Amino acid sequence: MTATMSSDGSMLDLLTGFIVELRAAGLPVSLTENLDAMQAIIHIPIEDRNAFKYALAATLVKNNAHWRAFETVFEVYFSLRGPGYALGGSDEPLELDDDDTAANPEAAGAGTGGGGGEALTPEQMAEMLFKALQKGDEAMMKALARQAVTRYAGMEPGRPVGGTYYLYRTLRNLDLDNVLEQLMSQAREESPEPLTPLEERLEKDEFESRVDRLKQEIEAEIRRRLVADRGVEAMAKTLRKPLPEDVDFMHASREELMSLRKAIYPLTRKLAVRLARKRRHGRKGPLDFRNTVRHSLSYGGVPVDPKFRYPRPAKPEIFVVADISGSVAAFARFTLQLVYAISGQFSRVRSFVFIDGIDEVTKFFEGVEDISVAIHRVNTEADVVWVDGHSDYGHAFEVFWERYGREISPKTTVLILGDARNNYHSSQAWVVGEMRKKARHVYWLNPEPKAYWDTGDSIVGEYGVHCDGTYECRNLRQLEKFVEVLD
Amino acid sequence: MRDKFHRMDFRFESPTSVRARLRDVDYLSDDAIAGVVFLADRLGKPILVEGPAGTGKTQLAKSVAEILGARLIRLQCYEGLDESKALYEWNYKKQLLRIQAERNNESTWEDIETDIFSDEFLLTRPLLEAIRSDDPVVLLIDEVDRVEIETEALLLEILSDYQVSIPELGTITAKQIPMVFLTSNNTRELSEALKRRCLFLHIDYPDMEREKEIVLTRVPEITDSLADQVTRIVRSIRQLELKKSPSVSETIDWARTLLMLGVDSITEADAIETLNILLKYQSDITRATKELSADTTQRRPGVPRTS
Ligand SMILES: Nc1ncnc2c1ncn2[C@@H]1O[C@H](COP(=O)(O)OP(=O)(O)OP(=O)(O)O)[C@@H](O)[C@H]1O
Ligand SMILES: [Mg+2]
């Protein structure tokens, strides 16, 4: 902590600025929490950067899914503003000149013949990388990260590209997959006995976790330089990542899909508990007279504890009818997963998938414990292509009506999933109208933003008029909200 | 809050000392855990501890009680928990008996009423007990996510003001601010009101080094190399997409089992035969079995060696 920072006023200003950044990143921070944070930092030994971070987190972040966003903002805001704002001494000072190559004691000490004040040759670089990972040497990895960014990221001042672009360039040049393979062969060579599959696996896990650490170092290094180039405010903006529940199904990156997959299981568990509770306690029925009197006997005949009948509404049967063509496949996957995870709330779930042809896939889900296995079968085995594998809602609906229409009953709730981009085929919207006449409810869930509905070849409006409701479901948050009111 | 009690003596020196003292009672914490415990004492605020099952949430409260030499008062939550089980209840039976006994005497109804709504007829439940205690206590409100959201309201007064209002007796205020832990497995979202009153601590699976330390501490007879292998394999298994990942307590159980079986270096067969200690779902066991015995390389051992 520098002298300017230790006076109370500037500390509070700094904290206020930090909270503004957190809110801008989408974290809900209430006034109470703001005040708590101000109290907290009075008690925290400010030199201890970790303790400082955790103290702020404990008062400001009340949802673990927001932790990463918090950490990123913290790092940018406090550590990367330049030495004046750095907390404690755990971080090396910024080195913004391209002098890392020369001035690195660790690199020189790595014993790879770094050549004193000269730049390393690519071969020396590669060897240093190999050694750093083999030993899991933190200091070497840090030095290497700096080197690699200087050399490979090709960062230019003022260039409007994001950090991921530089990260990608750096990693491609380091070719870590190949290094990993070399590390493994080395491990195999050094082992007196051939490695068993289990040993192989554990070795590989260890190296992979080191590679991950290196990647994090590189990412941090790139961030540091970007901040130096563009300033904190601009950087904070580019770093804002959506929370898992806000990730758009239709444009999710692979990494985001992974985070979604992780988020969905706890979410379904919560949802199931909530729905079960609602079913049990939801409505109070009429007074149960006999039960009340029976209980009143223990209070001398005074009916102090009235008893109610709990009506148990029949559970609905669910038909999911899902477009699984390219752009909406992820949406279909997560919706099916969600519905099956809470299938205990329904008397039965049947599922149908289509592109231009339609197929029932209920059996893939029956008796499997692991829904992702079922989803995999849906994607590989279902017979959904009729002519050309481009969405044709009209044809799919016609066939659906012909084959399964008569099985819809007043207990059935039909969920139709898709963007209703029909490639200008005819809509056959009458099918949806007929469904609604027989079913308990028909709902349409559309993963596109509402603003795009009925533009281009989207004809969701034509179907929508026959539904009990059309809902925008772009992310887990919206999907969860819909499912919760489903009956 | 704190001023109200004129207590300037704090329980802990620094986060580092929290960490050291927890270690003395065999609880291995980290910067986050120690930092939040330290802060909770300084600010006089409860801690809401959340995280996967078996990661030491309940144990944290117990261990803190132990280092403070405080009595642990535990309120185990469940669906349907109400005021009479959490806070206090009037002892109806005893009151009735008293009323009957007094009927033959001259006492007026007012006398009787003051009498039967006095301390003697009060059944103290954990929350009230913690507030009224003279000796130091740690209050553990375990698995708070199990109560209905409406029931949470019962806790709010205690958590922010450390007091309880009883209509017949007035407001009872704590003589000392106890340390309070609430745990949650996150089966439902807790109310904003509750979260605002607490410091938040998420305890996740420990990293490998800490988990190894935990194993060494909890299973003292184990060798360093076996503990190392155990935690490596557990880390590997936690990376799979499972319904339920192994918890710390399951890691400990597994280490004990292997030790009992006389294993000193874990082979695939050992691991697979004992997977049911680590994993609770059959589908998870099947998946892990497949993964552990799978060949992770195209190039098998025995490829031409260069040296
Ligand atoms: N950090 C730790 N240090 C030492 N032992 C630990 C630690 N974490 C967990 N354990 C061990 O794991 C056991 C289980 O922990 P505990 O019962 O506290 O888990 P929990 O998080 O409360 O789980 P649940 O959510 O299922 O209630 C403890 O009894 C203890 O033996
Ligand atoms: Mg517990």
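Counting only residues that are within 8 Å of chain B (Cβ to nearest Cβ) and part of a helix (DSSP H, G or I), which one in segment A:191-208 is farthest from B:GLU209 (Cα to Cα)?
Here the answer is A:PRO197.
Suppose we filter B:THR173, B:THR187 for residues that are within 14 Å of another protein chain (Cβ to nearest Cβ) and either buried (at least 20 other Cβ atoms within 10 Å of the Cβ) or more than 14 Å from B:LEU75 (Cβ to Cβ) (or both); which single one remains?
Sole residue among the options that is within 14 Å of another protein chain (Cβ to nearest Cβ) and either buried (at least 20 other Cβ atoms within 10 Å of the Cβ) or more than 14 Å from B:LEU75 (Cβ to Cβ) (or both): B:THR187.
Taking the condition farther than 26 Å from A:SER30 by Cβ and part of a strand (DSSP E or B), does B:VAL164 pass?
Answer is no for this residue.
Do we have any residue at all in segment B:239-246 that's in a helix (DSSP H, G or I), more than 16 Å from ligand 2 (Cβ to nearest atom) and surrounded by fewer than 21 Cβ atoms within 10 Å (Cβ to Cβ)?
no
Within segment B:130-152, is even one residue surrounded by fewer than 14 Cβ atoms within 10 Å (Cβ to Cβ), aliphatic (A, V, I, L, M), more than 16 Å from ligand 1 (Cβ to nearest atom) and away from chain A (no Cβ under 14 Å)?
So far as segment B:130-152 goes, no, none of its residues is surrounded by fewer than 14 Cβ atoms within 10 Å (Cβ to Cβ), aliphatic (A, V, I, L, M), more than 16 Å from ligand 1 (Cβ to nearest atom) and away from chain A (no Cβ under 14 Å).
Can you name every residue in segment B:258-282 that is surrounded by fewer than 15 Cβ atoms within 10 Å (Cβ to Cβ), in a helix (DSSP H, G or I) and not charged (D, E, K, R)?
B:MET260, B:ALA269, B:ASN276, B:GLN282
Considering only segment B:22-37, how many residues are basic (Lys, Arg) and either crowded, with 20+ Cβ neighbours inside 10 Å or within 16 Å of ligand 2 (Cβ to nearest atom) (or both)?
0
Of the residues in segment B:217-238, how many are part of a helix (DSSP H, G or I) and away from ligand 1 (no atom under 12 Å from the Cβ)?
The number of residues fulfilling the criteria is 15.
Contact list please: Cβ distance under 8 Å, first residue in segment A:47-73 and over 11 Å from B:HIS202 (Cβ atoms), second residue of a type in the set (Lys, Arg) and at pLDDT 80 or above, pairs at least six apart or on different chains.
Pairs found: A:GLU71/A:LYS53.
Answer with yes or no whether B:LEU194 is over 18 Å from the mean Cα position of the chain (by Cα) and among the hydrophobic types (A, V, I, L, M, F, W, C).
When the stated conditions are applied, B:LEU194 does not pass them.
Among B:SER84, B:SER107, B:SER63, B:SER29, which is the only one that is within 11 Å of ligand 1 (Cβ to nearest atom), over 30 Å from A:TYR265 (Cα atoms) and among the small types (Gly, Ala, Ser)?
From the options B:SER84, B:SER107, B:SER63, B:SER29, the qualifying one is B:SER63.
Can you run down the residue pairs with Cβ atoms below 6 Å, 6 or more apart or on separate chains, where the first is in segment B:170-195 and in the same structural domain as B:GLU66 (by TED's automatic domain parsing) and touching a residue at least 24 places away in the same chain (Cβ under 8 Å) and the partner is part of a strand (DSSP E or B) and more than 16 Å from ligand 1 (Cβ to nearest atom)?
B:ILE172/B:VAL164; B:THR173/B:GLN163; B:PRO178/B:VAL137
Suppose we filter B:ILE203, B:ILE158 for residues that are crowded, with 17+ Cβ neighbours inside 10 Å, within 14 Å of chain A (Cβ to nearest Cβ), closer than 24 Å to B:ARG71 by Cα and among the β-branched types (Val, Ile, Thr); which single one remains?
B:ILE203
May I ask you to say which residue of A:ALA55, A:ALA25, A:ALA65 is small (Gly, Ala, Ser) and modelled with pLDDT of 90 or more?
A:ALA55
Could you grab me the full set of residues in segment A:138-187 that are touching a residue at least 12 places away in the same chain (Cβ under 8 Å) and outside any helix (DSSP H, G or I)?
A:GLY154, A:MET155, A:PRO157, A:GLY158, A:GLY162, listed by residue number.
If you go through segment A:7-61, how many residues are closer than 28 Å to B:PHE181 by Cβ and assigned to a helix (DSSP H, G or I)?
29
Being buried (at least 19 other Cβ atoms within 10 Å of the Cβ) and over 20 Å from the mean Cα position of the chain (by Cα) is the filter here; which residues of segment B:50-103 pass it?
Within segment B:50-103, just B:TYR88 meets the criteria.
Any residue in segment B:244-258 that is of a type in the set (A, V, I, L, M), touching a helix residue (DSSP H, G or I) at 6+ places or on another chain (Cβ under 6 Å) and away from ligand 1 (no atom under 13 Å from the Cβ)?
no
If a residue must be modelled with pLDDT of 90 or more, in contact with an Asp or Glu (Cβ under 8 Å, 6 or more places away or on another chain) and part of a helix (DSSP H, G or I), how many such residues does segment A:441-471 contain?
2
Listed residues B:THR58, B:THR124, B:THR114, B:THR108; which is among the hydroxyl-bearing types (Ser, Thr, Tyr), within 16 Å of ligand 2 (Cβ to nearest atom) and not assigned by TED's automatic domain parsing to the domain that holds B:VAL234?
B:THR58
May I ask you to list pairs of residues, at least six apart or on different chains, whose Cβ atoms are under 8 Å apart, with the first in segment B:54-65 being closer than 17 Å to B:ASN185 by Cα and within 14 Å of chain A (Cβ to nearest Cβ) and the second being near ligand 2 (Cβ under 8 Å from one of its atoms) and not in a helix (DSSP H, G or I)?
So the pair list comes out as B:LYS57/B:THR183.
Within segment B:218-232, identify whether any single residue is more than 10 Å from every other protein chain (Cβ to nearest Cβ), among the acidic types (Asp, Glu) and buried (at least 21 other Cβ atoms within 10 Å of the Cβ), and answer yes or no.
Taking every residue of segment B:218-232 in turn, none turns out to be more than 10 Å from every other protein chain (Cβ to nearest Cβ), among the acidic types (Asp, Glu) and buried (at least 21 other Cβ atoms within 10 Å of the Cβ).
Quick check on my filter: what residues within segment B:161-216 are within 15 Å of ligand 1 (Cβ to nearest atom) and in contact with a Phe, Trp or Tyr (Cβ under 8 Å, 6 or more places away or on another chain)?
Matches in segment B:161-216: B:HIS202, B:GLU211.
The values are calculated or read from the model by the stated rules, or taken from the named source; none is laboratory data. Only a predicted model underlies this, so the values are computations on that prediction, with no experimental measurement involved. Reconstructed Cβ throughout: ideal geometry from the backbone, glycine too, with neighbour counts over all protein chains shown.
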